[in-house]
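Each remark here refers to the structure printed beneath this line.
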Amino acid sequence: MAHAHAHEGHDHDHHGPDKGIMRWIKTTNHKDLGTLYLCFAFIMFFIGGLMSLVIRAELFQPGLQFVDPEFFNSMTTMHALVMIFGGVMPAFTGLANWMVPMMIGAGDLALPRVNNWGFWILPFGFAMLLSTLFMPGGAPAGGWTMYPPLVLQTGNAFPMLIFAVHLLGISSITGAINVVVTILNMRAPGMTLLKMPLFVWTWLITAYLLIATMPVLAGAVTMLLTDKYFGTSFFTASGGGDPVLFQHIFWFFGHPEVYILILPAFGIVSTIIPTFARKPLFGYASMVYATASIGFLSFIVWAHHMFTVGMPLAAELFFMFSTMLIAVPTGVKVFNWVATMWRGSMTFETPMLFALGFVFLFTLGGFSGLMLAVTPVDFQYHDTYFVVAHFHYVLVPGAVFSIIAAIYYWIPKWTGRMYNEKLGKLHFWLSAIFINLTFFPQHFLGLAGMQRRVPDYNVMFTDFNVVSSIGAFAFFISQFIFIGNMLSCMFGKRDGKVPERVWEGAHGLEWTVASPAPYHTFEDPPLVGDNGEPVAAGQTAKAH
Amino acid sequence: MSAAIGPAETGRRKRRSVWELALLTVAMFGFGFAMVPLYNALCELTGLNGRDKGMQIVASVQEQPDLSREVTVQFLTVVNGGREWLFKPAVSEMKVHPGQLYTVSFTAENQLDQDVVGQAVPAVTPGKAAKHLKKTECFCFNQQPFKAREAKNMPVRFMLDPELPADVHTVTLSYTFFDVTELAQRSAKPNG
């Protein structure tokens, strides 16, 4: 085994990637798969974005304009599924593929073939899910939360929905297992756990959340399937089941899931802010412990999504207080980010702008989350646009901004070309303005009582909806700047050399390899010193 | 990982990690299903959702009327999914003494031209009153076959036991009527 491994490494030095399409289909290289994941996520963001535009077009005016209500509900359902399982999660997995091995000084992920398999399940899963749009009876329209008994009325799309969720679950679990095994066993000598970059830490905890909760979702949807086709009564009241039970099982998955969507973002922001503040991250250890406590707390707060289903008072109080408790570790993180910037030599390149946008707007989304945590007022806010505004604030200027920031931050390392800074800044300002134009008015709409998942509304809500729709279309169009900028990074002319350390304030192993990063990095693990970088440039553990 | 560990040992540790995580995945899949009995047990323990032993048949009860106390029992009927059914109680509420047996009758009529099997599912509010509502006879214990256009009178014989918490003055007994024709056909098959 030892010798075979050494040989493999040796051979790889001589040939690069295969040519043509088979390179991408057969690849087991973490960088190739990272690229595939990111491109796939990008396509999904585009499709999901188009769906959101259908929603915003319909809501531009009261009354029914463009689509019938059933299709509108399909759009809200599919938009959520595509954005969560096709956009944000694969984008984070792509970033983990690219960066985790390079950040801990490993040659690749631990299970490269599983990695390939995990990625290639995704296009099939989404082909199944999106094919339902063209089926008689239409795509699932009961909401992404798939609550019975409503979801059981889905037509031919129902089994496709269930099996698509199974496939996406298998894909994320394999990805998560890969990340954990890599981080626990393949760190370069000297890279102790508490020296790991925070992106690696947050992904380690995210991966555990994925492994612990995706199987629960798989179980829940399997029970839906047997309820519909095999006469079981897990959630069928007439057979002795309880539909509320589904909500408990779903949110036992669903709440950790929202931290799966945000913990890697915390890691990205904790990497970018120190770089551009030119100071080490304030309170590294407290960041690690805060991430771990958020991961733990995420398992005991799920029923705050269900305050209105009729729980006993004691349960309502427990879930209210445990939810509020999450604000403590999250507050620690925000404090640490601000303290990192305090008296730093700050510059405002595009990744930094997106990271700052994240800190500010994610915190806003966190505050509306705290409001929703208060049980008595949640009865008022439940299923209104206030909830929609809340989770879009934490997911778009939260998770999505962090993904954009990460891509701007690392793409010079990936492609060896610098993106256009002017266009990047323009992209940031347009995104930041229009995302607020889209979602800020929705707070007011929700507080005034506009329900979610309804294609029509009272005429008094018109003005804010017009603003929100204009914002949504403008935000979507602004993203073409990003696409252009990234395409020129990937395929543009290479003028001038990008240094190894792309950003002068950046630290970490990934900045010690060439830009663009060679197809194989750290085949021989480096010896990591106290500052998280190799003891001497080019020195490997073997040579030592 | 220290520099002293060779590739063979790393391989062994990786395989061990993979197995541990795969086991965790399988265990959590099982946990999803284990939540079903856990939830039912918790509901019985706490009376959550008005579901507990009180919803099941009680063979015999000891009558010990507490004439000093009067509790209002309200009856609610719901027909699920807007089916062609008529379903209502003979009286919408009655005043009862805890510890005494009462009978209330419900009328159900199948307004369809085909045979249907119905099942009434009960719920009690407030939840903490659920286990103190004892029923010796109820149409909700069984599936109820209806011929086309058939109407039935269905009695419920119930008692509130004297241990009913003192702050409960009104108990609501609600029945939701479901069309379970398909379900009944399935379970008519052996082991179905």
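The values are calculated or read from the model by the stated rules, or taken from the named source; none is laboratory data. From a predicted model like this one, the values you see are computed outputs, not experimental measurements. Counting neighbours? That spans all protein chains shown, and the Cβs are built from the backbone with ideal geometry, glycine included.
So that you can scan it fast, the table gives a plain yes or no per residue for (1) crowded, with 16+ Cβ neighbours inside 10 Å; (2) on the phi > 0 side of the Ramachandran plot; (3) modelled with pLDDT under 95; (4) within 15 Å of the chain's Cα centre (by Cα):
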site: A:GLY9; (1), (2), (3), (4): no, no, yes, no
site: A:GLY20; (1), (2), (3), (4): no, yes, yes, no
site: A:LEU59; (1), (2), (3), (4): yes, no, no, no
site: A:MET83; (1), (2), (3), (4): yes, no, no, yes
site: A:GLY94; (1), (2), (3), (4): yes, no, no, yes
Close pairs (7 angstrom Cβ cut-off, 6 or more residues apart or separate chains): more than 7 Å from every other protein chain (Cβ to nearest Cβ) and more than 20 Å from A:SER233 (Cβ to Cβ) in the range B:16-37, of a type in the set (Phe, Trp, Tyr) and assigned to a helix (DSSP H, G or I) anywhere
none
Residues A:PHE391, A:PHE428, A:PHE401, A:PHE439: which one is crowded, with 23+ Cβ neighbours inside 10 Å and within 22 Å of A:SER74 (Cα to Cα)?
A:PHE439
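Residue by residue through the range A:290-301, note down the ones that are assigned to a helix (DSSP H, G or I) and among the hydrophobic types (A, V, I, L, M, F, W, C). Steps first, answer last, please.
Step one: list which residues in the range A:290-301 are assigned to a helix (DSSP H, G or I), which gives A:290-297.
Residues satisfying the conditions are A:ALA290, A:ALA292, A:ILE294, A:PHE296, A:LEU297.
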If only one of A:PHE444, A:PHE480, A:PHE491, A:PHE461 is of a type in the set (Phe, Trp, Tyr) and touching a residue at least 24 places away in the same chain (Cβ under 8 Å), which one is it?
A:PHE461
Anything in the range A:178-187 that is of a type outside the set (Lys, Arg) and at the interface with chain B (Cβ under 8 Å from one of its Cβ atoms)? List them, or say none.
A:VAL180, A:VAL181, A:LEU184, A:ASN185, A:MET186
Subset of the range A:149-181 [free of Cβ contacts under 8 Å to residues at least 40 places away in the same chain and either touching a Ser or Thr at 6+ places or on another chain (Cβ under 6 Å) or not in a helix (DSSP H, G or I) (or both)]:
A:THR154, A:GLY155, A:ASN156, A:ALA157, A:MET160
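Filter the range A:220-232 down to residues that are facing another protein chain (nearest Cβ under 7 Å) and within 20 Å of B:GLN143 (Cα to Cα), then give me how many there are. Give the steps one after another, and end with the answer.
At the first step, the residues of the range A:220-232 found to be facing another protein chain (nearest Cβ under 7 Å) are A:220, A:231.
Restricting the remaining residues to those that are within 20 Å of B:GLN143 (Cα to Cα) gives A:231.
Residues flagged as facing another protein chain (nearest Cβ under 7 Å) and within 20 Å of B:GLN143 (Cα to Cα) within the range A:220-232 amount to 1.
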Among the residues of the range A:233-243, write down those that are surrounded by fewer than 21 Cβ atoms within 10 Å (Cβ to Cβ), assigned to a helix (DSSP H, G or I) and at the interface with chain B (Cβ under 9 Å from one of its Cβ atoms).
A:ALA237, A:GLY239
Does the range B:39-58 contain at least one residue that is out of contact with any Pro (no Cβ under 8 Å at 6 or more places or on another chain), within 11 Å of chain A (Cβ to nearest Cβ) and modelled with pLDDT of 85 or more?
yes
Selection within the range A:99-119 - outside any loop (DSSP other than H, G, I, E, B) and over 18 Å from A:LEU198 (Cα atoms):
A:PRO112, A:ARG113, A:VAL114, A:ASN115, A:ASN116, A:TRP117, A:GLY118, A:PHE119
Tell me whether the range B:117-124 contains one or more residues that are closer than 17 Å to B:VAL78 by Cβ, more than 14 Å from chain A (Cβ to nearest Cβ), touching a strand residue (DSSP E or B) at 6+ places or on another chain (Cβ under 6 Å) and touching a residue at least 24 places away in the same chain (Cβ under 8 Å).
no
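Of everything in the range A:191-206, what is in a helix (DSSP H, G or I) and either within 9 Å of chain B (Cβ to nearest Cβ) or of a type outside the set (A, V, I, L, M) (or both)? Give them in sequence order. It would help to see each step written out before you state the result.
Just the residues of the range A:191-206 that are in a helix (DSSP H, G or I), to begin with: A:193-195, A:198-206.
Residues satisfying the conditions are A:LYS195, A:PHE199, A:TRP201, A:THR202, A:TRP203, A:THR206.
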Given the conditions (1) more than 30 Å from A:GLY219 (Cβ to Cβ); (2) within 10 Å of chain A (Cβ to nearest Cβ); (3) modelled with pLDDT under 80, which single one is not true for B:GLU63?
(2)
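Considering only residues of the range A:310-322 that are of a type outside the set (Gly, Ala, Ser) and loosely packed, with under 14 Cβ neighbours inside 10 Å, which is farthest from the other protein chains (Cβ to nearest Cβ)? Steps first, answer last, please.
Step one: filter the range A:310-322 for residues of a type outside the set (Gly, Ala, Ser), giving A:311-313, A:316-321.
If we keep only those that are loosely packed, with under 14 Cβ neighbours inside 10 Å too, we end up with A:313, A:317, A:321.
On the way: A:LEU313: 10, A:LEU317: 14, A:PHE321: 18 Å.
This residue is A:PHE321.
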Identify, by number, the condition in (1) buried (at least 23 other Cβ atoms within 10 Å of the Cβ); (2) within 24 Å of the chain's Cα centre (by Cα); (3) assigned to a helix (DSSP H, G or I) that A:MET146 doesn't meet.
(3)
Among the residues listed as A:ILE84, A:ILE43, the single one being over 25 Å from A:LEU184 (Cβ atoms), free of Cβ contacts under 8 Å to residues at least 60 places away in the same chain and among the β-branched types (Val, Ile, Thr)
A:ILE43
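From the list A:ILE477, A:ILE481, A:ILE433, which residue is outside any loop (DSSP other than H, G, I, E, B), in contact with a Leu (Cβ under 8 Å, 6 or more places away or on another chain) and more than 23 Å from A:MET102 (Cα to Cα)? Before the answer, list the steps.
Working: A:ILE477 fails: in contact with a Leu (Cβ under 8 Å, 6 or more places away or on another chain); A:ILE433 fails: in contact with a Leu (Cβ under 8 Å, 6 or more places away or on another chain).
Of A:ILE477, A:ILE481, A:ILE433, the one residue that is outside any loop (DSSP other than H, G, I, E, B), in contact with a Leu (Cβ under 8 Å, 6 or more places away or on another chain) and more than 23 Å from A:MET102 (Cα to Cα) is A:ILE481.
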Condition check for A:LEU184: over 17 Å from the mean Cα position of the chain (by Cα), surrounded by fewer than 20 Cβ atoms within 10 Å (Cβ to Cβ) and assigned to a helix (DSSP H, G or I)
yes
Restricted to the range A:490-520 and to residues being in contact with a Lys or Arg (Cβ under 7 Å, 6 or more places away or on another chain) and assigned to a helix (DSSP H, G or I), the residue nearest to A:ARG187 (Cα to Cα) is A:GLU510
On the basis of being without any contact (Cβ under 8 Å) to a residue 60 or more places away in the chain and at negative phi, does A:PHE134 make the cut?
yes
If B:ASP167 passes every condition in (1) surrounded by fewer than 17 Cβ atoms within 10 Å (Cβ to Cβ); (2) touching a residue at least 12 places away in the same chain (Cβ under 8 Å) but one, which one does it miss?
(2)
For the list (1) more than 26 Å from A:LEU325 (Cβ to Cβ); (2) polar (S, T, N, Q); (3) at pLDDT below 95, I need the number of the one condition that A:THR308 fails.
(1)
Quick check on my filter: what residues within the range A:259-289 are surrounded by fewer than 21 Cβ atoms within 10 Å (Cβ to Cβ) and in a helix (DSSP H, G or I)?
A:TYR284, A:ALA285, A:SER286, A:VAL288, A:TYR289
A:PRO149 passes all but one of (1) touching a Pro at 6+ places or on another chain (Cβ under 8 Å); (2) at pLDDT 95 or above; which number fails?
(2)
For the range A:256-281, give me the residue count where each residue is farther than 22 Å from A:MET99 by Cβ and either more than 14 Å from chain B (Cβ to nearest Cβ) or among the polar types (S, T, N, Q) (or both).
1
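For the range B:113-130, what are the residues that are among the polar types (S, T, N, Q) and surrounded by fewer than 22 Cβ atoms within 10 Å (Cβ to Cβ)? Outline the logic, then answer.
In the first step, residues of the range B:113-130 are kept if they are among the polar types (S, T, N, Q); the result is B:114, B:119, B:125.
Result: B:GLN114, B:THR125.
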A:ALA127 meets each of (1) part of a helix (DSSP H, G or I); (2) crowded, with 18+ Cβ neighbours inside 10 Å; (3) aliphatic (A, V, I, L, M) with one exception, condition (2)
